[in-house]
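Only one structure is covered here, and it is reproduced in the block below.
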Amino acid sequence: MSHALTTLALLGFGTLAAFGAQALGLPLPFLMGPLLLSGTVAMALPTRLPDGYQFPPWLRLMFIAVIGLMIGAQVTPALFAQIPRLMLSLAALTLFVVVAHAFNYTVFRRLGAYDRATAFYAATPGGLFESIAMGEEAGADLARLTLQQFLRVIVVVTALPLGLSLWLGEPVGSAGGMTLARDVVPWQALPGIAMAGLAGLAIGRLLRLPAKQLTGPMAVAALLSLTGAYPLDIPQWLVNVAQVVVGTALGMRFTGLSRALILRGAGLSIISVTGMLILAALCAEALYLTLGEPFDTMLISFAPGGVTEMALVALSLQANPALVTLHHIWRILITVLGLSLTRRWLRRFL
């Protein structure tokens, strides 16, 4: 089978896996379903793939840009206007990122015996795609890094919505049918979306932004949204396609991982996420006492899961999704900014 046909087959089966994951009520089904399927193929059936096969990097890059546009489009004027009254919680979140990163690094370095670069980038409490992209540039073990970053998201976006669902007695998050994208977007909007994505990729490359395939489009979408020049409405089907492509591509990075390594990574992830959720709960309780913000809203705002899923959980709880999104975008920005500012030093240390 040719490489092109292999890619089409993986995407086709990945799409079926996405709908299967959705039917099962899994969080982020269009990302997790293809990831689990292609990861299984990469680990259990590597000999069935063509010699030297790699998922097309250009295809992954295009759809990572779509995800960047979707995240950036959430930075609205209404979201930005809330920053002054939330300075204390954003400061607490900054401290949370630093402490959680240090805790996770200790877990992966001491308990997992990962090399320094892999442990450092696997330990980031946010910025999944950014951490993978910068970790790859730093020479980290990409298979282990991808495994740990996705396990972090999987554990958080599975455990937290499930726990809240049991507490409330009804589904929350994407399992409850919530979405941040727009279902009805005219086809005439697609050229504008494509141009914004291409402009973001070009700007990211020109400015040498970290994880430029994501942060460039994210910056362009945020600028367009804040200025009102051309607010982007990303259709749900395009977001779903992007997640299928990215999930399939990242799953193929698991080639060579053994079952023992996966089980070990899962154990490390449970320790890591448990520690971060305890820290998030402490921050949420402190902010409830000082700002009067609801505990569950603050817990969702600090939980180190995906921006999309945590905002969807907020919608399910009738909490303020803009507030939750603001905190998670801030968590990503602080993570990316911290990694960017320390990049040269990290190269000597790692």
**OP:** Name the residue, out of Ala23, Ala102, Ala65, that is farther than 25 Å from Ala4 by Cα, of a type in the set (Gly, Ala, Ser) and touching a helix residue (DSSP H, G or I) at 6+ places or on another chain (Cβ under 9 Å).
**Re:** Ala23
Subject >> Given (1) touching a helix residue (DSSP H, G or I) at 6+ places or on another chain (Cβ under 6 Å); (2) at pLDDT below 90, number of the condition Glu170 does not satisfy >> reply: (1)
**OP:** Working only within the stretch 62-110, note down all residues that are closer than 20 Å to Pro235 by Cβ and either touching a Gly at 6+ places or on another chain (Cβ under 7 Å) or in a helix (DSSP H, G or I) (or both).
**Re:** Met62, Phe63, Ile64, Ala65, Val66, Ile67, Gly68, Leu69, Met70, Ile71, Gly72
Original post:
Do the conditions hold for Met298, that is, is it in a helix (DSSP H, G or I) and more than 19 Å from Val155 (Cβ to Cβ)?
Top reply: yes
Subject >> In the stretch 227-277, residue surrounded by the most Cβ atoms within 10 Å (Cβ to Cβ) [restricted to those that are of a type in the set (Ser, Thr, Tyr) and over 24 Å from Leu37 (Cα atoms)] >> reply: Ser272
Original post:
Which one of Ala159, Ala196, Ala138, Ala189 is modelled with pLDDT of 85 or more and either closer than 16 Å to Asn104 by Cβ or not charged (D, E, K, R) (or both)?
Top reply: Ala196
**OP:** Being more than 17 Å from Val246 (Cβ to Cβ), acidic (Asp, Glu) and part of a helix (DSSP H, G or I) is the filter here, so list the residues in the stretch 134-160 that pass it.
**Re:** Glu137
**OP:** Sort through Phe63, Phe108 and tell me the only one that's touching a Phe, Trp or Tyr at 6+ places or on another chain (Cβ under 6 Å), aromatic (Phe, Trp, Tyr), at pLDDT 85 or above and surrounded by 15 or more Cβ atoms within 10 Å (Cβ to Cβ).
**Re:** Phe108
**OP:** Within the stretch 118-127, identify whether any single residue is out of contact with any strand residue (DSSP E or B) (no Cβ under 7 Å at 6 or more places or on another chain), surrounded by fewer than 23 Cβ atoms within 10 Å (Cβ to Cβ) and not hydroxyl-bearing (Ser, Thr, Tyr), and answer yes or no.
**Re:** no
**OP:** Select from the stretch 199-211 the residues that are touching an Asp or Glu at 6+ places or on another chain (Cβ under 7 Å) and either at pLDDT 85 or above or at negative phi (or both) and list them in ascending order.
**Re:** Pro210
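The values are calculated or read from the model by the stated rules, or taken from the named source; none is laboratory data. These numbers come from a predicted model, not from an experiment. Neighbour counts are summed over all protein chains in view; Cβ atoms, including those assigned to glycine, are modelled from backbone coordinates with ideal geometry.
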